[in-house]
Amino acid sequence: MDKNTLLAVGISMAILLVWSILFPPPEPENVPAPEAVVETVEEVPSTVSQNESPTPAVSSMAPVESGLPAREVLVVSDTLRILLNTQGGVVESAQLIQYDHTKPRLTLSTWIPFLTPFLGPDYREVYTEGNRVEMLANSIPGVEALGVEFEDDSELTELFHNAAFAIRVNGQEVAPGTERVTFALGADESDLVIELQSAEVRGLQLVKTLTLAQESHKLAYRLQVINRSDTVKPLKVRQLFGEPRVKTGELGAGPGHSGPIYFNDGLETEDTSSVQGGLRVPAFTWAGLEDHYFINAAAPQTPVKEAFFNGQSTAGAQIHPYYGVRLPLVEILPGKLIEASFDWYMGPKDEAEMLKFGRGLEQSLNMTLESLSVPLLALLRWIYGVVGNYGVAIIIMTIIVRLVLFPLTYRGMKNMKRMQQLAPRMKRIQEKYKNNKEKLQQEMMGLYRKNKINPLGGCLPLLLQIPVFIALYSALSSAVELRHEPFALWLGDLSQPDGLGITPILMGITLFIQQKMTPQSAMMDPTQAKLMQMMPLIFAVFSFTFPSGLVLYWVTSNVLSMAQQQVINRIKTPEIQD
């Protein structure tokens, strides 16, 4: 590279460095490490009562009748809508209030059904209650979130799965009944505490406490297993956190990972097919299930034995994964209990929200070419904060990226123009020395040096665009902020393909015009030339399945390249020297 090229690269790197200094990512919250846990905790009298132990005590609810009818209890914060079932004390539904499952859109597949795999459906059919994002599919009976399993004792597991649970919300005991009852977190309340207490089953009792907070997708969960009998109870307890979210009706799975994920010293992911039959993770900070927009993850606050994943085939041979945590093997003495506490996150893969959870959960927002895609996404968010439209923000960001790369692009385009001027002389040399390859190379390199032309210089602008394109594709496809965000007219969702195919066609047309305006290399053989002529059509076909926000970037970039090429073509260059 010459001095000007190195200077341009240096300026580009300096801009990224200054951006990271001016807009550093927020620090994650400090989360204390799990404290040591004792296998058998405080004394528990025959009727559960308050305790002076520093460990949270069991509540003093009245004894639970074993024949209570099952009922649904709905608890609502400003972010989560949790539906509990008192039969088994499990979560039937966990919906995100601020996120719709699908968004109606204009697409040709409404009238031409065979285009649906490429353009997606029109999403007019409602798949979930209230069309909200449903974080728990609950398609596998017996593995519902907050369900408890006793290993080596399937009968006890089944008894607790069918057991009646009494329920108390913020200290208020809910009277037995058959209708759904709703509790909403008030504006003047900081927490909503739900306590589920089972009937006694074979001398054991379960108490589950779930806490919701305002403006948070993080829940606190505590499980207590109490020995009410007069004999020692050896137990292997598994706490379940359920399946991934409902994805019915959504187009594709996105470019990112979807399935089991866990974090210890680094991020680890697994294919859903690989966990069928069981996967054990002895060391982990948190574990969960993710897709490219949302994540369900649990982090223990007390030591556990391991996390586990499993999968089960359902209708259509589709494998549904689920996950949970194994507690340490314990022998609970009479009148004693064991306890496990967790932080549980169900929500979007939004960096600010995941930083509130801490423990490196934000690393699940794992994008390709992260060192480039993260600054691009940060820039996009900042522009959106000013203009209020992500489509406009993408156009402005494209202009900024092209300005940053302009010094290198200018030199590349200028070099390609000089190569075009050199073409007649190159052909004469090739004819003259066609039987002497060594002399041909010497003459060609001499001609390049005399005219100060870099034969590879014209490739540099294209090579620079490739990582930017890949990074932006990753950012636009993974950023939940762009999900269901409109631009204008028919583009109602920048995260979905253009349902009418207009922007892909525009992309192909602009790429074709740009190609015609660009000088062709003298070294290109006829086969390569024909392949290059087909590239606009090939890219246009591929872009039918790309997010429309990415195609919008591509069209804008092509238009800017055409303008730059028009300027370069009008600039006079020195005559070629023989």
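Below is a table of values for the structure above.
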item	result
Count - residues of segment 109-151 that are farther than 30 Å from ILE194 by Cβ and of a type outside the set (Lys, Arg)	16
Output for segment 168-190, where each listed residue is charged (D, E, K, R), at pLDDT below 85 and open to solvent by less than 80 Å² (accessible area, probe 1.4 Å)	GLU189
Residue selected from segment 366-383 under the condition open to solvent by less than 20 Å² (accessible area, probe 1.4 Å) and of a type in the set (A, V, I, L, M, F, W, C), by the criterion farthest from ILE466 (Cα to Cα)	ILE383
Any hit, segment 195-204, residues being basic (Lys, Arg) and within 30 Å of LEU119 (Cα to Cα)	no
Yes/no for GLU339 being assigned to a helix (DSSP H, G or I), in contact (Cβ under 8 Å) with a residue 12 or more places away in the chain and open to solvent by less than 60 Å² (accessible area, probe 1.4 Å)	no
Residues satisfying the stated conditions in segment 108-127, i.e. surrounded by fewer than 18 Cβ atoms within 10 Å (Cβ to Cβ) and of a type in the set (S, T, N, Q)	THR110, THR116
Complete set of residues in segment 214-228 that are open to solvent by 10 Å² or more (accessible area, probe 1.4 Å), assigned to a strand (DSSP E or B) and within 15 Å of MET354 (Cβ to Cβ)	LYS218
Filter result for THR157 (of a type in the set (Val, Ile, Thr), at pLDDT 85 or above and open to solvent by 20 Å² or more (accessible area, probe 1.4 Å))	yes
Residue within segment 193-205 that is open to solvent by 70 Å² or more (accessible area, probe 1.4 Å), without any contact (Cβ under 8 Å) to a residue 12 or more places away in the chain and either under 12 Å from ARG71 (Cα atoms) or not aliphatic (A, V, I, L, M) (or both) present	no
Residues of segment 469-501 classified as touching an Asp or Glu at 6+ places or on another chain (Cβ under 6 Å) and buried (at least 21 other Cβ atoms within 10 Å of the Cβ), total	1
Residue that is nearest to VAL555 (Cα to Cα) [pool: residues in segment 525-541 that are in contact with a helix residue (DSSP H, G or I) (Cβ under 7 Å, 6 or more places away or on another chain) and modelled with pLDDT of 80 or more]	ALA540
Sole residue being open to solvent by 40 Å² or more (accessible area, probe 1.4 Å) and over 13 Å from the mean Cα position of the chain (by Cα), chosen from VAL281, VAL386	VAL386
Criterion violated by ILE396 - all others in (1) on the phi > 0 side of the Ramachandran plot; (2) open to solvent by 30 Å² or more (accessible area, probe 1.4 Å); (3) more than 23 Å from the chain's Cα centre (by Cα) satisfied	(1)
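Yes or no, residue by residue, for (1) among the hydroxyl-bearing types (Ser, Thr, Tyr); (2) modelled with pLDDT of 80 or more; (3) under 30 Å from PRO117 (Cβ atoms):
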position	(1), (2), (3)
ALA475	no, no, yes
LEU482	no, yes, yes
TRP490	no, yes, yes
ILE505	no, yes, yes
THR510	yes, yes, yes
GLN520	no, no, no
MET523	no, no, no
TYR553	yes, yes, yes
LYS572	no, no, no
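The values are calculated or read from the model by the stated rules, or taken from the named source; none is laboratory data. Here the structure is a predicted model, which means the values were calculated and not measured. No Cβ is skipped: glycine too gets one built from the backbone with ideal geometry, and neighbour counts run over all protein chains shown. Just the protein is used for accessible areas: all its heavy atoms, side chains included, with ligands, DNA and RNA removed. Shrake-Rupley method; radii C 1.70, N 1.55, O 1.52, S 1.80 Å.
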